[in-house]
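A quick write-up on the structure given underneath.
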Amino acid sequence: MSATPDRPDFDPARQLEIARRAVAKQSFCVLATSSARNRPHAVGVVYAAVDLSLYFLVGENTVKVRNVRENSDVAVCIPVRKYPMGPPMAVQFQGTAAVLAWDDPHIVELRRAGRLKRITSFGAENAPGTCFVRVTPKRRISTYGLGVPLRRLLRDVSTGARSVEVPEQPPA
């Protein structure tokens, strides 16, 4: 099931806002990268969200950084636990990744504004060989379970998928 515009209760603007709130509230995701030779790599990482872009503080010599430098196409899955019982929910998207240095003007501005505290407040800013990876969603964001009444979801788990277009974002 894709965007589900056929459902009378589906509102793309509302669904996008639900996804934005979930991305902002969470702090852990699975980042999937692939090398130039198409060798996949998936890893759990902590992130800071700035609108719909995710920022990771990572080691310069990690597989994920090497893969992003070779292939900027990535995928992200953010698990979202809303209820102690019932199916797990998620936000997922394909994105474009970039490796950014500590002194990149965009990173400096975000750090000054306190927007990256979630990932820099553990003393990692002093660790040698660290950098940032920024992931910006491409055309669509998909969700599972978010914005769907729990009763409907429990009756039929196939009704949980939603997909919405991402508005154009200014280049960072």
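The values are calculated or read from the model by the stated rules, or taken from the named source; none is laboratory data. The structure displayed is predicted, hence computed values, not measured ones. Every residue, glycine as well, gets a Cβ built from its backbone with ideal geometry; the counts of neighbours run over all protein chains shown.
Listed residues Ala24, Ala42, Ala49; which is out of contact with any Pro (no Cβ under 8 Å at 6 or more places or on another chain) and in a helix (DSSP H, G or I)?
Numbers: Ala42 fails: in a helix (DSSP H, G or I); Ala49 fails: in a helix (DSSP H, G or I).
Only one candidate qualifies: Ala24.
Would you be able to tell me the number of residues in segment 52-74 that are more than 22 Å from Lys117 (Cβ to Cβ), among the polar types (S, T, N, Q) and not in a loop (DSSP other than H, G, I, E, B)?
Residues meeting the conditions: 1.
Yes or no, residue by residue, for (1) of a type in the set (D, E, K, R); (2) closer than 18 Å to Arg20 by Cβ:
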residue: Ala48; (1), (2): no, yes
residue: Glu60; (1), (2): yes, no
residue: Val76; (1), (2): no, yes
residue: Val80; (1), (2): no, yes
residue: Ala98; (1), (2): no, no
residue: Asp103; (1), (2): yes, no
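Let me confirm something: among Arg139, Arg69, Arg112, which residue is surrounded by fewer than 20 Cβ atoms within 10 Å (Cβ to Cβ), of a type in the set (Lys, Arg) and modelled with pLDDT of 95 or more?
Details: Arg139 fails: modelled with pLDDT of 95 or more; Arg112 fails: modelled with pLDDT of 95 or more.
Answer to the check: Arg69.
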